[in-house]
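Undergrad: Below is the structure I would like to discuss, written out as structure tokens.
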Amino acid sequence: SPGFLLYQEGKYAKAREYFQKILNLASLKDREKAHCYRGLGSVAAEEHKYDEARRYFRKELDIWQKLDDEVNRMEACKNIADMLFYLGHFKQALEYLQTAAAYFK
């Protein structure tokens, strides 16, 4: 998506603006919302806003759980674990990593 392209180019403010704009569309499907939350979480992580990133990844995870999308659910768990690790919440991070590892084995 254009948002992830902006993210990859290091244009984090523009990427955030894009993802937030897309989230406001009434016709947005849940899968698209989840990808926007992943994008917002990725941008926040790059800006070292780990708690904000964790919250976005958690919103993403909630959607994947509702859609029963195991692959994306595990990716969201891994991202949440990374943010918890950076926040110093090692036990919680390990729990999310163990959930993700069970799938990726």
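The values are calculated or read from the model by the stated rules, or taken from the named source; none is laboratory data. On a predicted model such as this, the values are computed, not experimentally measured, just so you know. Neighbour counts run over all protein chains shown; Cβ positions are idealised from the backbone, glycine included. Heavy atoms of the whole protein, side chains included, go into the accessibility calculation; ligands, DNA and RNA do not. Shrake-Rupley method; radii C 1.70, N 1.55, O 1.52, S 1.80 Å.
Undergrad: By how many nm would the segment from Q65 to L5 lengthen if fully extended, with 0.36 nm per residue of separation less the alpha-carbon distance?
TA: Result: 19.0 nm gained on full extension.
Undergrad: Note the angle between two axes, namely the Cα long axis of helix 12-23 and the longest principal axis of the Cα atoms of the chain, as a number of degrees from 0 to 90, rounded to the nearest 10.
TA: The angle comes out at about 80 degrees.
Undergrad: Arrange the residues R38, R31 by how much accessible surface each exposes, largest first, with a 1.4 angstrom probe.
TA: Highest to lowest solvent-accessible surface, that is R31, R38.
Undergrad: Oh, and also: If one takes the longest principal axis of the Cα atoms in the chain, at what angle in degrees, from 0 to 90 and to the nearest 10, does the Cα axis of helix 30-46 lie?
TA: Tilt relative to the chain: about 80 degrees.
Undergrad: Also, I was wondering about something else. Any idea of K59's accessible area? Nearest 10 Å², probe 1.4 Å.
TA: Approximately 100 Å² for this residue.
Undergrad: May I pose another question? Using a cut-off of under 16 Å, list every residue of segment 61-79 whose amide N is near the label point 7 Å from the Cα of L28 along the Cα-to-beta-carbon line.
TA: 61-64
Undergrad: Quick one: which of K29/K91; K66/K91; K11/K66; K14/K59 span more than 29 angstrom between C-alpha atoms? Before the final figure, lay out the partial values.
TA: Details: K29/K91 34 Å; K66/K91 25 Å; K11/K66 31 Å; K14/K59 21 Å.
The answer is K29/K91; K11/K66.
Undergrad: Here is a follow-up. Kindly report, to the nearest 10 Å², the accessible surface of D62 as traced by a 1.4 Å probe over protein heavy atoms only.
TA: 70
Undergrad: What is the percent carbon and sulfur in the accessible area of the chain, measuring with a 1.4 Å probe over the protein chains and ignoring ligands?
TA: About 51 percent, which is the carbon plus sulfur part of the accessible surface.
Undergrad: Mind listing the Cα extents of the chain along all three principal axes, in Å, largest one first?
TA: Between the extreme Cα coordinates on each principal axis of the chain lie 35, 29, 19 Å.
Undergrad: So, one more: Considering Cα pairs under 8 angstrom that are at least six residues apart, work out the relative contact order of the chain and quote it in whole percent. Present the calculation step by step, with values, prior to reporting the outcome.
TA: On the way: 122 pairs, mean separation 19.5, N = 105.
It rounds to 19 percent for the chain.
Undergrad: How large are Rg and Dmax for segment 1-51 when calculated on the C-alpha trace, in angstrom?
TA: When restricted to Cα atoms, segment 1-51 yields Rg and Dmax of 10.4, 31 Å.
Undergrad: Leaving ligands and nucleic acids out of the surface, order R58, R73 by accessible area at 1.4 Å, largest first. Write out the running numbers ahead of the final one.
TA: Working: R58 80, R73 45 Å².
Per-residue accessible area, sorted high to low, gives R58, R73.
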